[in-house]
Amino acid sequence: MGQLMTSFRDYKMDKAWNYIRADDYTRKYLSFEDRGDGRLELIVLKGYKTMTMSNRPDGSYATSDLFLKHPEIPNAYKFCGRLDDTLVLVNGEKTNPYVHFAYHTKSQTQSYP
């Protein structure tokens with residue numbers, strides 16, 4: 001499908017360098033579906049001119065890429081992982097690293113008496 005979003009922006013006004021955005025044409029063919037914890041999966045809608053395959057009955061393509069929406073800047077998203085991220089531990093247990101990352105990030109920001 002090629003590049004769907006970039007970090008191009010008004011560099012003087014927009015300092016959110018780690019968020020990506022779609023141009024006006026591409027934005028019409030992108031949708032984001034909630035996957036919990038504020039994470040959104042990127043969906044490319046049927047009709048996008050360089051889309052060569054689909055994996056959904058409606059002809060769209062679910063990328064498995066997960067993003068967080070910027071709290072203030074419209075149409076700006078930060079990549080945060082994939083739905084199919086899996087770590088296999090030494091004991092054979094499979095886990096998603098996002099869950100562990102979120103837990104450790106939260107525990108480091110909590111204050112202790």
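The values are calculated or read from the model by the stated rules, or taken from the named source; none is laboratory data. It should be emphasised that the depicted structure is a prediction, and the values quoted were computed from it without experimental measurement. Virtual Cβ from ideal backbone geometry, glycine too; neighbours counted across all protein chains shown.
Could you tell me whether S54 is polar (S, T, N, Q) and part of a strand (DSSP E or B)? Judged against the criteria, S54 is not a match.
Against the list (1) outside any loop (DSSP other than H, G, I, E, B); (2) touching a Ser or Thr at 6+ places or on another chain (Cβ under 8 Å), the condition L4 fails is (1). Scanning the range 8-47 for residues that are touching a Phe, Trp or Tyr at 6+ places or on another chain (Cβ under 9 Å) and within 13 Å of A62 (Cα to Cα) yields a total of 10. Look at L66 and say whether it is at pLDDT below 95, touching a helix residue (DSSP H, G or I) at 6+ places or on another chain (Cβ under 9 Å), surrounded by 11 or more Cβ atoms within 10 Å (Cβ to Cβ) and in a loop (DSSP other than H, G, I, E, B). When the stated conditions are applied, L66 does not pass them. Residues that are within 17 Å of P74 (Cα to Cα) and either among the small types (G, A, S) or without any contact (Cβ under 8 Å) to a residue 60 or more places away in the chain (or both) do not occur anywhere in the range 43-58. For the range 3-29, a residue qualifies if it is hydrophobic (A, V, I, L, M, F, W, C) and either buried (at least 18 other Cβ atoms within 10 Å of the Cβ) or more than 16 Å from L68 (Cβ to Cβ) (or both), and the qualifying residues are L4, M5, F8, M13, I20, A22. Looking at the range 24-44, is at least one residue outside any strand (DSSP E or B), at pLDDT below 90 and of a type in the set (V, I, T)? No, the range 24-44 contains no residue that is outside any strand (DSSP E or B), at pLDDT below 90 and of a type in the set (V, I, T).
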